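Data block below; observations after.
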Amino acid sequence: MIVAAIPPVISGTRDRLLAFAILAFMASELLWLAFGWWPFRIAAFGAMLTIVPLSAHRFGLREAYLLTLCITLTAFIILLHPDPVTAAYTALEQAAFLMAFILLISLIQQAAMTSQAILECGIYLTRQPPGRRYLAVFGGTHMMAHLFNLGVVSLLAPLIKRGTEGSDPLNPLREHRQINAMLRGFAWSVVWSPTAVAPLVLSTLLPDAQRGPWIAAGLVIAGIVMLTGWLEDRWEWRMYQPRPDQTAPPFPARAYRDFAFVCIALIALTIGAMVLFGGSVVFGLMAASPVILVGWLLLQQQGAWPPVKSRLREITFGHLPTAAPLAVTLACSGYVGRAAAALIPAAEWAETLGLEAWPGWLFLLMLSVGVATLSQFALSPIMMAVFFGSLIAAVPELPVDITWAALAISCGWALSMTASPFATVVLMIAQATGHTGREMTWQWNWRFSLLTIAILAVVFRVLARH
């Protein structure tokens, strides 16, 4: 049994051409990463540049602004950079990587959208008794985000909204607390998640950063943040007494077993692709995504191919064209981040600021707070992550280990999602629930955001000694 998917509207020939261009781009980028043959690189760049005009009818102000910024920075690179071809190529390569990554990872999300197991997992999380609902929603969102990405928000936000409708005067309070738990759980998954965009982008920019210690430290930070958020939630609503008759729903063991099976399959395929082609974790995830899509759909349909074929057609000609604006946005963000960093003499600035002599913990904290602060001006966190990552890569000597610098940038990304009303996840929740981004971040989460900054300061003081 699967959840019925609502196929996106297919607008005609232009969207079909766009879908084929996206398929050609994803295939070319994967083949380039696997074999390193230049014809594949040229084909990937050509397909990426074709996607932009074909998807222009779907663009909004954000895409127009970012494309204009790309053109402006390219002009500055041509005029000011000593090696404009290399600088432009590096920025274009970053754009292609981000576009391919988000499109390929979204294929897993499309399979999850029709999974009955995922739906049962979400319902179980949102129907927990008040005493453990925060931890259940935070932890469940945190774990499901690794496979479902932003799709977990698309799933849980309507469930939270539906579960808090009615005349009970305490329903707005319940909705408030569950939205907070979901937002925080999703935000802080990026500091260690093997599939989150932030760490994977930074891994390509800072190849000397060690993922093992990074993930371990990120897990510790996420655990401390979860516990702190739970205590803050209990303190804020300490006057609220839950009903004693509320009990937990039965645990959907089969649903969680199926979810765990897909996670294990994703890990196995990722490692297999890494070993087979000698690639990175990033490449392994990208290569595994189409296989997981087909395999998961076959599992949902108990091996029947015709309904799987129909669903693949919906994804190809419905989902991919509608995903193009987000893919272009991330590509532009990657391009802008690398191009802007190329125009800044990072080594000279670092020497002028005496960066090497800074306290390590302060440097790390400034990275996190800097990403979160700039996100208040509607600058994309991915753009800031690429920008700061590129700058750090160009600095000859850092006051801390480069692994912790990469971790600090991803922590800034997480912080921006509870502090900035312009974060993508905040906008998605706002659309699903009717609450404004300013309400969820500046009003509901200002105390939590300050607490997380304090937590980071303490953790960074410990990490800076190692």
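Readers should treat all values here as calculations from the given coordinates under stated rules, not as data from a laboratory. Fair warning: this is a prediction, and the values are worked out from it, not measured in the lab. Using ideal geometry, Cβ is built from the backbone for each residue, glycine included, and neighbour counts are taken over all protein chains shown.
Here are a few things to note about the model shown:
- When shorter helices are ignored and each DSSP H run of at least 4 residues is given -39500 (n - 2.57), the per-residue value for the chain at 222 nm works out to -25000 deg cm²/dmol.
- The distance separating the Cα centre of segment 435-465 from that of segment 356-371 comes to 15 Å.
- Take the Cβ atoms of THR68 and ILE344, set R0 to 22 Å, and the FRET efficiency comes out at 0.65.
- Gain on full extension, evaluated as 0.36 nm per residue between ALA304 and ILE224 minus their Cα-Cα distance, stands at 24.3 nm.
- ARG162/ARG238 FRET efficiency (R0 45 Å; Cβ-Cβ; nearest 0.05): 0.95
- Among the helices of the chain, those built from whole DSSP H runs whose Cα atoms reach 30 Å or more along their own axis and whose mean Kyte-Doolittle hydropathy is at least 0.5 are 13-35, 84-113, 211-236, 253-277, 320-342.
- Cα-projected label distance for ILE455 with LEU170, points at 7 Å along beta-carbon direction, nm: 2.6 nm
- Amide H contacts of SER115: VAL3, each under 5 Å away and 5 or more positions distant or on a separate chain (H built 1.01 Å from N in the peptide plane; Pro and chain starts excluded).
- With the simple spin-label model, which puts each label point 7 Å out from Cα in the Cβ direction, the PHE277 to GLU314 separation comes to 2.9 nm.
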